[in-house]
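Asker: Right, I'll just put the structure down here and ask away after.
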Amino acid sequence: MNKIKAEHFSPPAIDEKFHDSIIEEFIEILDPAGLYFLESDVKEISAFPLHLNDPTKSNSCEFIDKAAQVYQKRLTEAVRIVSLKTAKSFDYSKNDSLYFSVNQTTGYEKTISELERHWEIWLKASTLSRMAQTAKAMTVKDWMAVEKVSREKVRDKTLAKLNRLLRGSVSPKEFVGNALLKSIALSFDPHTNYFTQSEIKDFESSLSSSAYSFGFDLDENALGETVVDRLAPGGPAWNSHLINKGDAIISVSWPNREVSNPLDFDDNEFEGKINSADRLSGTFTFKKADGSSVEVLLHKEKRESIESNVQSLLLKGEKSVGYISLPGFYSDWGGEGQSCASDVAKEIIKLKKENIQGLILDLRFNGGGSVQEAIELAGIFIDVGPMALSKSKDGQIISLKDIHKGFAYDGPLVILMNGFSASASEITTAALQDYNRALVVGSTSYGKATAQNVFPLIQGKDSLGFVKITLSKAYRITGKSHQRKGVQPDIYLPDFYSILQISERTNRHALPSDSVIKKVYYTPLTKPTVAPLKNRSEERIQNSAWFKQLRDFQNFYQAPQSLEINAYIQHHLASQAHVKQLDETKSASTKPLYRVMQNKFDGALLGLDENRNLASQELLKEIERSAYIEEAFQIILNYLSLTKP
């Protein structure tokens, strides 16, 4: 904690309030769904002595010893409850209900009977979800025919997770110790965090445009098996010629003789385990479609992540408009390797050869990355000048500038963003908006305006892990901040994910939004006339069958879901109908406005590379079906019609 206090941008007072924050984070890490602890347990743990001045001694700390004892006790109790509640069929005539759109926390149960009831509802909902996947038809009879096997699958996976927490490779005491270190860090702000040795490798990998991979994605089939959903063309699994889509993983044997069975994990947990950066090879046992099994030794290969890298396409319609997708900023760890700003510039050069008359830069779901990359990306579209401001712990405010003069593109520009556009993507968007260089289209961004760095924790010759610490805050060149507020779009588009209420302002301990005063000299372009563009867009959205269905689906999804079996089946059918309607409508207009094409340069290269061509076709189909990209195209057409001589 001393390291965080010394480096953090705005460390809180180490007082009773801070202690309470640590306990709150700690309990949520150990029991995020409120299925283990009673209210009395939380009070008991809160009263344990917490040695805040020396958290590195957490393994022998009295707090950890006592908290681990309570945790083990409740995990053991959970094993008993799950076994009891899944021993026979649930009462599906009860009109229990759950909200699935947001994580609604109602606190911790007061008694064991209340906790048992909580577990019953959770297990019942999980069983119904699995019945929906396996039932042959949407009738109560067909659902009840698979009730027993579905309930047992839920039981087995739940018990496997509980037993892994009790007797896994990481002991409950070690798990609790790591949870304490994380909770201390998170109590400073939501982006300060503690990493174990294995976690830091995964974190580093997430910042790179390439990663070591076995070359397949996973899903769950109707039988609840973990199966290969997609093979990455040219990857290790693809090149083995022994693995096919739909093959079920039976087990994985690792070089340290550990064996992982997917039945022992939640789907995301298992996929996370095999994708972990410290697991570079494994012997996979697959069950084939004919029931036979095959063992395949796979070694991870470092491959460029096509889905995460910059990609460009040409939208050929009444006008030619370029489209560039940037899912994330991916400067390689250590400052070497690919640069997304450089890659965007290369794509722009290709598109300019196609005589584009406008450009769409898609930053939706771009969670950020390197601040320097964000500045350089903004500089591609701005000749010269400051792009943002940064304030450090000592109060010093500096201007962040792109050192490269000139620009790669000066034509009409639309930036697409949504509530998952965060951090570096917000810095780029805010800079281009303040310079009047781009029209920002979509929904309000996430609202993260802080920057972090990672430090090792060393005690003597021993490594205790790593800590990511918030060192500074970012501000727009106007001195205002998008912290907690997000970047506001010039033209709003409805966003389905807004109902999830995921943003910086909903995070506990998020740093406040403020402003700074610093003289900066920049020359914004003439502000475009947004009102007529906004009015036309709103009219199209209002009359769009696709966006109407989206609004209907939002309302449907926010309503509580009954766990009475007849009502659940009807809800499931209605949900499928909503998804099918959205899928069939495909876009906001009845007649395609454009053809989605590769630029000539990439088209020639893809003709020589079957693997990249297959991956590229997936993006082409996605763009063709997007109502958001179609609306961005329409906005550019409207802008061109208003500005033509």
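The values are calculated or read from the model by the stated rules, or taken from the named source; none is laboratory data. Everything numeric in this text was worked out from a predicted model, so none of it was measured. Cβ atoms come from the backbone with ideal geometry, glycine included; neighbour counts cover every protein chain shown.
Asker: Would you check if there is a residue in segment 427-443 being closer than 30 Å to Gln197 by Cα and in contact (Cβ under 8 Å) with a residue 60 or more places away in the chain?
Answerer: no
Asker: Please go through segment 468-500 and give me each residue that is within 18 Å of the chain's Cα centre (by Cα) and within 21 Å of Val530 (Cα to Cα), ordered by number.
Answerer: Selection gives Gly486, Asp495.
Asker: Out of Gly368, Gly395, I need the residue that is crowded, with 21+ Cβ neighbours inside 10 Å and in a loop (DSSP other than H, G, I, E, B). Which one?
Answerer: Only one candidate passes the filter, namely Gly368.
Asker: Being surrounded by fewer than 19 Cβ atoms within 10 Å (Cβ to Cβ) and touching a residue at least 24 places away in the same chain (Cβ under 8 Å) is the filter; apply it to segment 43-52 and report the residue that is farthest from the chain's Cα centre (by Cα).
Answerer: For segment 43-52, the residue satisfying everything is Glu44.
Asker: Residues of segment 406-421 being free of Cβ contacts under 8 Å to residues at least 60 places away in the same chain and either under 21 Å from the mean Cα position of the chain (by Cα) or over 24 Å from Lys346 (Cβ atoms) (or both), which ones?
Answerer: Ile415
Residue by residue, here is whether (1) in the same structural domain as Gly168 (by TED's automatic domain parsing); (2) farther than 16 Å from Asp217 by Cβ; (3) out of contact with any Gly (no Cβ under 8 Å at 6 or more places or on another chain) holds:
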position	(1), (2), (3)
Gly246	no, no, yes
Pro255	no, yes, no
Val259	no, yes, yes
Phe270	no, no, yes
Ser281	no, yes, yes
Thr285	no, yes, yes
Ser292	no, yes, yes
His299	no, yes, yes
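Asker: Quick one: would you say Phe407 is more than 17 Å from Ala474 (Cβ to Cβ), surrounded by 21 or more Cβ atoms within 10 Å (Cβ to Cβ) and of a type outside the set (Lys, Arg)?
Answerer: For Phe407, the condition - more than 17 Å from Ala474 (Cβ to Cβ), surrounded by 21 or more Cβ atoms within 10 Å (Cβ to Cβ) and of a type outside the set (Lys, Arg) - is not met.
Asker: Identify all residues within segment 160-173 that are assigned to a helix (DSSP H, G or I) and under 27 Å from the mean Cα position of the chain (by Cα); write none if there are none.
Answerer: Ala160, Lys161, Leu162, Arg164, Leu165
Asker: Return yes when Ser208 is assigned to a loop (DSSP other than H, G, I, E, B), under 20 Å from the mean Cα position of the chain (by Cα) and at pLDDT below 85 and no when it is not.
Answerer: It is true that Ser208 is assigned to a loop (DSSP other than H, G, I, E, B), under 20 Å from the mean Cα position of the chain (by Cα) and at pLDDT below 85.
Asker: Test Ser498 against the stated conditions and say whether it is of a type outside the set (Asp, Glu), in contact (Cβ under 8 Å) with a residue 12 or more places away in the chain, loosely packed, with under 15 Cβ neighbours inside 10 Å and touching a strand residue (DSSP E or B) at 6+ places or on another chain (Cβ under 8 Å).
Answerer: no
Asker: Filter segment 48-86 down to the residues that are under 19 Å from Leu181 (Cβ atoms), acidic (Asp, Glu) and in a helix (DSSP H, G or I), then identify the one that is modelled with the lowest pLDDT.
Answerer: Ranking the qualifying residues of segment 48-86, first place goes to Glu62.
The rows are residues; the columns are (1) aromatic (Phe, Trp, Tyr); (2) part of a loop (DSSP other than H, G, I, E, B); (3) touching a Gly at 6+ places or on another chain (Cβ under 8 Å).
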position	(1), (2), (3)
Thr428	no, no, no
Ala431	no, no, no
Val441	no, no, no
Ser445	no, yes, yes
Ser463	no, no, no
Phe466	yes, no, no
Lys473	no, no, no
Ser481	no, yes, no
Gly486	no, yes, yes
